[in-house]
Amino acid sequence: STQSTGVDKETDGRHAKVEYTTDFEADAARRDLTINAMSVRIDGTLFDYFEGRSHLDERRVLFVGEPAERIKEDYLRILRYFRFYGRISQQDDEFDEKTIEAIKLHKDGLKKISRERIWLEMKQIVVGRFAETILTKMKDLDLFYQINLKHTFRIDTLCKQHSLADLDAIQPVTMLSYAFDHHGDFTKLRRDWKMSMDEDYIGQFLIRHRHRSEIKHFQDLLVDTPKHCRHKFHMAFKELCLSRADKGLLETIEKWTVPEFPLRGDQLIKEVGLPKGPLVSKYYTLGKARWKENQYSMEKDEVIEFLKSEYEKSKTPASSAPGS
C-alpha cells in the first residue's frame, strides 16, 4: 500500500494547515533540520534528500534549505536549533553562521509562540550539553527578552551546578531554579511559562533551601510539613539532593521516622489553662519550637510544664511575651 504524510500548505509561524501527500521528498523538505529529515523504509532503505546522514556523522546541526524560511514556518525552531545543537554537536561554540544570522532577523517571532512550548524546549536546554555556551549565545542574541527571561536570570550559577548535578535523573525545573536568587523572580517566570504546580513547589523549595546542608534543618522542615503534603517535601528534597549529588543526605532523611509533636492545640486550653483564642496558636508554636530544639525528645508532660511556666511568666509585669 502507498503511505501518505503531511505537508504544510499555510503557516503563520505558530500553526500550519496540513495537506497529505505521498511525496516523501516534499515531506522531508518541510522538516526543520537535515538530521530530522531522513526516513527509513521497512526494508532498511534510507531516504536522505538533504545530506542528513553526513551532517549527523559530522555532528553538524543545519536547517533544511534556507534557515530563515524554516524559522518563519515555526519560530519555535529557533529554540529547537539550540536544543539539538546541545545534543548533536561535538564542539560547544561552532554555531552555523547563516543560521545565527537568520535567528537575529526573526527572533521577534518567538513572541508569537505559546509559553508552554517555550518551556518544553527550555527544559531540555537547561539540562543539556553545552548549556552555558548555548544560554550565553541566546542571551547575546537577545532571545532572553523574547522568551521573558529577565536580567536577574543567572547563567553562571545555573551552569556552576551542572558539574555536580545528576543530569540524567534531575527534573529540568531543579536546574532552572539555580538561575534565580529570589523566589519572586522564579514565580513570575513559572506563571509566564505555565509550569505545573509540582514544578513550582520544587523551584520554590530549591531557592529557599539549596544553601542549607544540615540534617536537622531538613528534619525540622519535614516535621513542620503537614502529613498530606509530605510527599511533595520528599519530591522536592530528592531534587535538591540530586542537584548536589548528595546521596548520603537523601538516604538519611528518607530512612528517618518522622516524630509527631505530642500535644494538640485543644489540650493547651485544658492542660495549660489558656483561654480560647490566638494564644492557643501562639503557645502551640512555642511548645513545638522547644520540642524541636530538644531533638524531639520531650514528652507531653514536659512540654506542658514548659508552657505553663512560660504562661505564668507572661502574666507578670516584667514579662509580656512567651519565651522572653
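The values are calculated or read from the model by the stated rules, or taken from the named source; none is laboratory data. From a predicted model like this one, the values you see are computed outputs, not experimental measurements. Glycine also receives a Cβ, built like all others from the backbone with ideal geometry; neighbour counts cover every protein chain displayed. Only protein heavy atoms, including side chains, enter the accessible area calculation; ligands, DNA and RNA are left aside. Shrake-Rupley method; radii C 1.70, N 1.55, O 1.52, S 1.80 Å.
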Original post:
If we keep just the residues of the stretch 8-49 that are surrounded by fewer than 13 Cβ atoms within 10 Å (Cβ to Cβ) and assigned to a loop (DSSP other than H, G, I, E, B), which is modelled with the lowest pLDDT?
Top reply: His15
Original post:
If you check Tyr145 against the conditions, is it of a type in the set (Phe, Trp, Tyr) and buried (at least 20 other Cβ atoms within 10 Å of the Cβ)?
Top reply: no
**OP:** Filter the stretch 171-187 for residues that are assigned to a loop (DSSP other than H, G, I, E, B) and open to solvent by 30 Å² or more (accessible area, probe 1.4 Å) and give the result.
**Re:** Gln171, Asp181, His182
Original post:
Quick check: is even one residue across the stretch 296-315 under 30 Å from His162 (Cα atoms), charged (D, E, K, R) and touching a residue at least 12 places away in the same chain (Cβ under 8 Å)?
Top reply: no
Original post:
Can you name the condition, by its number, that Ile207 falls short on among (1) at pLDDT 95 or above; (2) surrounded by fewer than 18 Cβ atoms within 10 Å (Cβ to Cβ); (3) under 28 Å from Ala289 (Cα atoms); (4) of a type outside the set (Asp, Glu)?
Top reply: (2)
**OP:** Being of a type in the set (Val, Ile, Thr) and within 15 Å of Ile134 (Cα to Cα) is the filter here, so list the residues in the stretch 54-102 that pass it.
**Re:** Val61, Ile78, Ile88, Thr99, Ile100
Original post:
If you take the residues of the stretch 219-233 that are open to solvent by less than 30 Å² (accessible area, probe 1.4 Å) and among the hydrophobic types (A, V, I, L, M, F, W, C), which of them is farthest from the chain's Cα centre (by Cα)?
Top reply: Val223
Original post:
Among all residue pairs at least 6 apart or on different chains, which show Cβ distances below 7 Å where the first residue, located in the stretch 75-95, is in contact (Cβ under 8 Å) with a residue 12 or more places away in the chain and the second is hydroxyl-bearing (Ser, Thr, Tyr)?
Top reply: Tyr81/Thr99; Asp92/Thr133; Asp93/Thr133; Phe95/Tyr85
**OP:** Output the number of the condition that Lys123 fails; it satisfies all remaining conditions of (1) open to solvent by less than 40 Å² (accessible area, probe 1.4 Å); (2) in contact with a helix residue (DSSP H, G or I) (Cβ under 6 Å, 6 or more places away or on another chain); (3) part of a helix (DSSP H, G or I).
**Re:** (1)
**OP:** Looking only at the stretch 50-95, count how many residues are assigned to a helix (DSSP H, G or I), of a type in the set (A, V, I, L, M) and open to solvent by less than 30 Å² (accessible area, probe 1.4 Å).
**Re:** 5
Original post:
Do we have any residue at all in the stretch 215-229 that's in a loop (DSSP other than H, G, I, E, B) and farther than 30 Å from Leu263 by Cβ?
Top reply: no
Original post:
What residue, of Asp200, Asp168, is among the acidic types (Asp, Glu) and part of a helix (DSSP H, G or I)?
Top reply: Asp200
Original post:
Pick from Ala245, Ala236: which is among the small types (Gly, Ala, Ser) and open to solvent by 50 Å² or more (accessible area, probe 1.4 Å)?
Top reply: Ala245
Original post:
Can you name the residue in the stretch 247-282 that is at pLDDT 95 or above and of a type in the set (Asp, Glu) and, of all such residues, is nearest to Ile202 (Cα to Cα)?
Top reply: Glu254
Original post:
From the set of residues in the stretch 291-312 that are part of a helix (DSSP H, G or I) and open to solvent by 90 Å² or more (accessible area, probe 1.4 Å), which is nearest to Arg264 (Cα to Cα)?
Top reply: Asp301
Subject >> Test result for Ile100, in a helix (DSSP H, G or I), buried (at least 18 other Cβ atoms within 10 Å of the Cβ) and either touching a residue at least 40 places away in the same chain (Cβ under 8 Å) or in contact with a helix residue (DSSP H, G or I) (Cβ under 7 Å, 6 or more places away or on another chain) (or both) >> reply: no
Subject >> Residue, least open to solvent (accessible area, probe 1.4 Å), within the stretch 252-288, restricted to residues that are in a helix (DSSP H, G or I) and within 30 Å of Cys241 (Cβ to Cβ) >> reply: Ile253
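One line per residue, one yes/no per condition, for (1) out of contact with any Lys or Arg (no Cβ under 9 Å at 6 or more places or on another chain); (2) among the acidic types (Asp, Glu):
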position: Glu73; (1), (2): no, yes
position: Arg77; (1), (2): no, no
position: Gln90; (1), (2): no, no
position: Met138; (1), (2): yes, no
